[in-house]
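Okay, so here's the structure we're looking at.
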Amino acid sequence: MSNNGSSNSLVLKVEDLVLYFRTTKGVVQAVDHVDFELAKNRAVVIIGESGCGKSSLAKGILRLLPRNVHTYTGRVYLEGQEIMGLDEETFRMKIRWVKMSLVPQAAMNALNPVLRVSDQVAEALLIHYPNVSKREAIERVREMFRYVGVPDSFLHRYPFELSGGMRQRVAIAMAMITRPPLIILDEPTSALDVLTQANIMNVLKQIKWETGTSYILITHDVATSSELADDVAVMYAGQVVEMSDAASFFKEPLHPYAKMLMAAVPKLRGDDDLEFIPGQPPSLLNPPKGCRFADRCPYRMAQCEINPPMFRVGDRKVRCWLYEKDADGIYGTHPEPLEQAHV
Ligand code: SF4
């Protein structure tokens, strides 16, 4: 990889991204020095509890920032081009919706109720490509609707005439209409029934396979997203605490929080008791100086009062002192859980 963040194989590289918000109670450290990379034609699933910074990370990458931003620093490279330094007009016309687009949370409710769905989807194309005629744009919408499984007969309907699942497909078509290399999906199936969730995941898989689009999929629904994931990033209290390929992660998560998160996912087979993670995440108004998971971690030790860096474990990365190698190259200094550390 070159030192300007470019690599032929990467669609996105995020370096040291910081996003803090000003609130009446103080400064919320929503995204705290986050690094990650995404290769082309891959899907990274970002998982973590509500409020861990997943959606803020998406906003930071897309520069969709509310007015109460306190700090916004770092570097974001899209297909090798650094985009955080671009002026707002260039970003709006050349990057957002052209090179990376968003399927926002509750996207199906975000459609304009008084516009036909075809016109709404076409608009995203017409704004960024003034040379495209309205007729050509509608043809492209028809093509995109076929991709995502919206029947032709729905083309000129209003959002209220479509089911939740169909509206979500329209939102995905809107994100795809300019054929961006990267789509960020924020909880794309959370308001849908289980069958519709599975259908939407299949649509996303098919699109990725046929078009080479890369995804960042933000979710708290580990089970549904596992079908689509090539890579997994686990966020906790504003930080990425584990990055791994999906196969290794689902076989054996490394970070204590990730292990507990996975143990809390309902299984289809087996009668294992579901576990839960005791305690609460720390407030992001004043997060602990050391490991942010320490208050809930059964492996906590004295060293955890210092914020751990990311350690490499093969091709994986984990932010936990258990994975610091000792002088003999052995991982972990305290392999047994400390029961008394439970809160
Ligand atoms: Fe954090 Fe320490 Fe637990 Fe690792 S062992 S997750 S560093 S408290």
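At a glance:
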{"read-out": "Å² of accessible area per residue within segment 144-279, as computed with a 1.4 Å probe and no ligands counted", "value": "42 Å²"}
{"read-out": "Percentage relative contact order, the chain, counting C-alpha pairs under 8 Å, at least six apart", "value": "18 percent"}
{"read-out": "Cys291 accessible area, 1.4 Å probe, all protein chains in place, Å² to nearest 10", "value": "20 Å²"}
{"read-out": "Restraint check, Lys40/Lys208; Lys13/Lys205; Lys251/Lys325; Lys13/Lys54, Cα-Cα greater than 18 Å", "value": "Lys13/Lys205; Lys251/Lys325"}
{"read-out": "Distant-in-sequence amide H partners of Phe311 (H built 1.01 Å from N, under 5 Å)", "value": "Val318, Arg319, Cys320"}
{"read-out": "Debye log10 I(q)/I(0) for the chain, one point scatterer per Cα, at q = 0.09, 0.11 Å⁻¹", "value": "-0.52, -0.77"}
{"read-out": "Ranked order, Tyr215, Tyr20 - accessible area, probe 1.4 Å, largest first", "value": "Tyr20, Tyr215"}
{"read-out": "Global geometry of segment 49-113, whether rounded, prolate or oblate, following the gyration tensor of its Cα atoms and the 1.5 cut on a/c", "value": "oblate"}
{"read-out": "Helical segments meeting 20 Å axial Cα length and Kyte-Doolittle -1.0 threshold in the chain (DSSP H)", "value": "134-148, 194-211"}
{"read-out": "Cα centroid separation, segment 48-102 to segment 178-254 (Å)", "value": "19 Å"}
{"read-out": "Computed helical MRE - 222 nm, the chain, DSSP H runs ≥ 4 contributing -39500 (n - 2.57), nearest 500", "value": "-7500 deg cm²/dmol"}
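The values are calculated or read from the model by the stated rules, or taken from the named source; none is laboratory data. Bear in mind that the values here come from a model prediction, so they are computed numbers and not experimental data. Surface accessibility is based on the protein's heavy atoms, side chains included, excluding ligands, DNA and RNA. Shrake-Rupley method; radii C 1.70, N 1.55, O 1.52, S 1.80 Å.
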